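Undergrad: Handing you a structure now.
The values are calculated or read from the model by the stated rules, or taken from the named source; none is laboratory data. Here the structure is a predicted model, which means the values were calculated and not measured. Virtual Cβ from ideal backbone geometry, glycine too; neighbours counted across all protein chains shown. Side chains are part of the model used for accessible areas, which takes the heavy atoms of the whole protein and leaves out ligands, DNA and RNA. Shrake-Rupley method; radii C 1.70, N 1.55, O 1.52, S 1.80 Å.
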Amino acid sequence: MENGDYAGASQQLTKARDIFKSLQSAMPHRLSFREGLATEAYQRGNMYVLMSAGAANNEERREYDDKAMSAFKNSIELARELETLDSHNTDYPFQQCRAMIFMADIMLRRDMSNQAISYCNTAMKKIDALIKTAPGNAEYAMIKAGAYRGIAIAHSKNPQYTARATEEFTQYRLIMQEQ
């Protein structure tokens with residue numbers, strides 16, 4: 001993707017965030033505006049992850065990784081707030097888990113294994129609770145497999161975690177084939 005595409009996407013995300021913030025301040029009781037902010041932060045994090053992958057050098061990659069981690073942290077915080085306000089909605093913990101797995105990947109690239117393990121373990125606990133509500137959900141299975149993958153990498157290819165990650169990916173594939 002060209003840099004112009006990222007600049008345009010960034011402008012659109014900034015515009016969306018500004019609109020959601022203004023609407024939230026006008027009607028703070030509306031969850032939908034907070035949802036919009038959480039989604040915007042998550043999308044911004046995804047954009048920075050892509051920009052990091054295409055970075056020309058390590059300094060640029062590190063800058064994009066920092067921005068991605070900041071956006072994902074913001075998304076996690078907003079989703080936690082939403083989960084507190086509406087505990088029956090499974091979208092909020094799922095959104096937190098997705099952002100946590102992205103954060104763990106960035107931390108693993110930056111040799112922050114302990115923090116990555118912490119994020120993976122937290123994501124795994126949340127996703128296990130979600131899997132109990134929807135055992136055949138492929139997205140949940142993928143998050144769980146990603147958490148095991150992060151732990152395996154953080155533990156320097158620990159055979160136990162690597163085998164568990166492989167097992168989880170296999171279950172994910174089976175779920176996908178059934179759908």
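Undergrad: Of everything in the range 38-67, what is among the polar types (S, T, N, Q) and under 20 Å from residue 11 (Cβ atoms)? Give them in sequence order. Break it down into steps so the answer makes sense when it comes.
TA: Filtering the range 38-67 down to residues among the polar types (S, T, N, Q) leaves 39, 43, 46, 52, 57-58.
Hits for the range 38-67 are 39, 43, 46, 52.
Undergrad: Name the one entry in 130, 82 that is in contact with a helix residue (DSSP H, G or I) (Cβ under 7 Å, 6 or more places away or on another chain), at pLDDT below 95, crowded, with 21+ Cβ neighbours inside 10 Å and of a type outside the set (Asp, Glu).
TA: Values: 130 fails: crowded, with 21+ Cβ neighbours inside 10 Å.
After applying the criteria, what remains is 82.
Undergrad: Another one. For the range 30-69: of the residues being of a type in the set (S, T, N, Q) and open to solvent by 70 Å² or more (accessible area, probe 1.4 Å), which is farthest from the chain's Cα centre (by Cα)?
TA: Here is the first cut: in the range 30-69, the ones of a type in the set (S, T, N, Q) are 32, 39, 43, 46, 52, 57-58.
Restricting the remaining residues to those that are open to solvent by 70 Å² or more (accessible area, probe 1.4 Å) gives 43, 57-58.
Values: 43: 9, 57: 24, 58: 22 Å.
Restricting to residues being of a type in the set (S, T, N, Q) and open to solvent by 70 Å² or more (accessible area, probe 1.4 Å), the top hit is 57.
Undergrad: To continue, here is another question. With (1) more than 24 Å from residue 40 (Cα to Cα); (2) surrounded by fewer than 20 Cβ atoms within 10 Å (Cβ to Cβ) as the list, and residue 165 as the residue in question, which single condition is left unmet?
TA: Evaluating residue 165 over (1) more than 24 Å from residue 40 (Cα to Cα); (2) surrounded by fewer than 20 Cβ atoms within 10 Å (Cβ to Cβ) leaves (2) as the failure.
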